[in-house]
Amino acid sequence: MSKITIAIDGFSSTGKSTVAKQIANHLGYVYVDSGAMYRAVTFYAMQNGFIKENYFNAEALVANLKNITISFKFNPQLGFAEVYLNNRNVENEIRTLEVSNFVSKVAEISEVRQKLVEQQQHLGKQGGVVMDGRDIGTVVFPHAELKLFMTASSETRAKRRYSELIARGETVTYEAVLKNVQERDYIDTNREDSPLAKAEDAIEIDNSHMGLQEQFDKIMQLVKVTLKKQV
Ligand code: CDP
């Protein structure tokens, strides 16, 4: 059977990566977390002093993009590929609220997007890929056979992200997480280059009141219908 490309876009903390991993594992496809790549670039900028509190030297980051190598390595225990920055596993470090507070500013930079989109297209060129992000169905894979657009209320999303961060041992408040979710929604939707938008042919899924199993079943149904249409 031919392998399709599944593009999953949507607002922050809509559970895109959770369902993308489930679908990829079920189909034996590759899962690519494009947000992790923007997070890794942000983490690099923080580590190299280009980002500090209330300070962001975007030119210095752009000048250093050539020194950034991002890769993924499958971790069989976790069942998904972890992200590496210059050959160092940064899967945990990129998930902090501190990184989240800067990532959308980094993701606005066209040079950053150009570099990462090129790599994303390369990773998915054989098909058989599930990729989640903000511009996957619109820019990275405009010809993806199945495009999903995930939404949920900002309060629901902030609650989910708050629980995740607390479970990871971070000291954060719900209010700070909600503020971050809303700020990122604003920047991601309003930036000039590749803003977050629902592709015309994407199917919208509001999972505010959906359990994980129900969401998985619904999306697998859409996958089966899409696969049947392939020759
Ligand atoms: O997991 P979460 O919903 O918090 O976000 P993410 O997927 O890790 O993405 C982090 C940030 O990277 C987003 O808020 C965007 O600013 C940026 N991003 C993007 O611009 N384009 C993508 N394809 C993926 C992420």
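The values are calculated or read from the model by the stated rules, or taken from the named source; none is laboratory data. Being a predicted model, the structure only gives us computed values, none of them experimental. With ideal geometry, Cβ positions are generated from the backbone for all residues, glycine too; neighbour counts draw on all protein chains shown. Each accessible area value is taken on the protein alone, full model and side chains, heavy atoms only, with ligands, DNA and RNA left out. Shrake-Rupley method; radii C 1.70, N 1.55, O 1.52, S 1.80 Å.
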What is the residue count in region 14-58 for residues that are within 10 Å of the ligand (Cβ to nearest atom) and open to solvent by 10 Å² or more (accessible area, probe 1.4 Å)? 8
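Report, by residue number, each residue of region 116-140 that is assigned to a helix (DSSP H, G or I) and either surrounded by 18 or more Cβ atoms within 10 Å (Cβ to Cβ) or under 15 Å from the mean Cα position of the chain (by Cα) (or both).
Our first condition is that a residue be assigned to a helix (DSSP H, G or I); within region 116-140, this holds for 116-123, 136-140.
Hits for region 116-140 are Leu116, Val117, Gln119, Gln120, Gln121, Leu123, Ile136, Gly137, Thr138, Val139, Val140.
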Quick check, is Lys198 over 28 Å from Ala45 (Cβ atoms), under 16 Å from the mean Cα position of the chain (by Cα) and more than 13 Å from the ligand (Cβ to nearest atom)? yes
Pick out the one residue from Ser163, Ser153 that is in contact (Cβ under 8 Å) with a residue 24 or more places away in the chain, open to solvent by 40 Å² or more (accessible area, probe 1.4 Å) and of a type in the set (Ser, Thr, Tyr). Ser153
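For residues that are surrounded by fewer than 17 Cβ atoms within 10 Å (Cβ to Cβ) and under 14 Å from Ser153 (Cβ atoms), tally how many sit in region 175-185.
Taking region 175-185 and keeping what is surrounded by fewer than 17 Cβ atoms within 10 Å (Cβ to Cβ), we get 175-176, 179, 182-183.
Next, from what is left, pick out any that are under 14 Å from Ser153 (Cβ atoms): 182.
The qualifying residues number 1.
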For the structure I just gave you, tell me whether Glu108 is part of a helix (DSSP H, G or I) and open to solvent by 30 Å² or more (accessible area, probe 1.4 Å). no
Can you pull out every residue in region 173-191 that is of a type in the set (S, T, N, Q) and not in a loop (DSSP other than H, G, I, E, B)? Asn180, Gln182, Thr189, Asn190
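For residues that are assigned to a helix (DSSP H, G or I) and among the polar types (S, T, N, Q), scanning just region 141-170, find the one that is farthest from Lys229 (Cα to Cα). Spell out the reasoning first.
Our first condition is that a residue be assigned to a helix (DSSP H, G or I); within region 141-170, this holds for 154-167.
Now drop any that are not among the polar types (S, T, N, Q), which leaves 154, 156, 163.
Values: Ser154: 35, Thr156: 35, Ser163: 39 Å.
For region 141-170, the residue satisfying everything is Ser163.
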Any idea which of Ile94, Ile70 is within 10 Å of the ligand (Cβ to nearest atom) and under 27 Å from Phe141 (Cβ atoms)? Ile94
Among helices (runs of 4 or more DSSP H) lying entirely in region 1-75, which contain 2 or more residues that are more than 18 Å from Gln126 (Cβ to Cβ) and of a type in the set (D, E, K, R)? 16-27
Hits in region 192-231 - residues which are in a helix (DSSP H, G or I), closer than 16 Å to Ala152 by Cβ and basic (Lys, Arg): Lys218
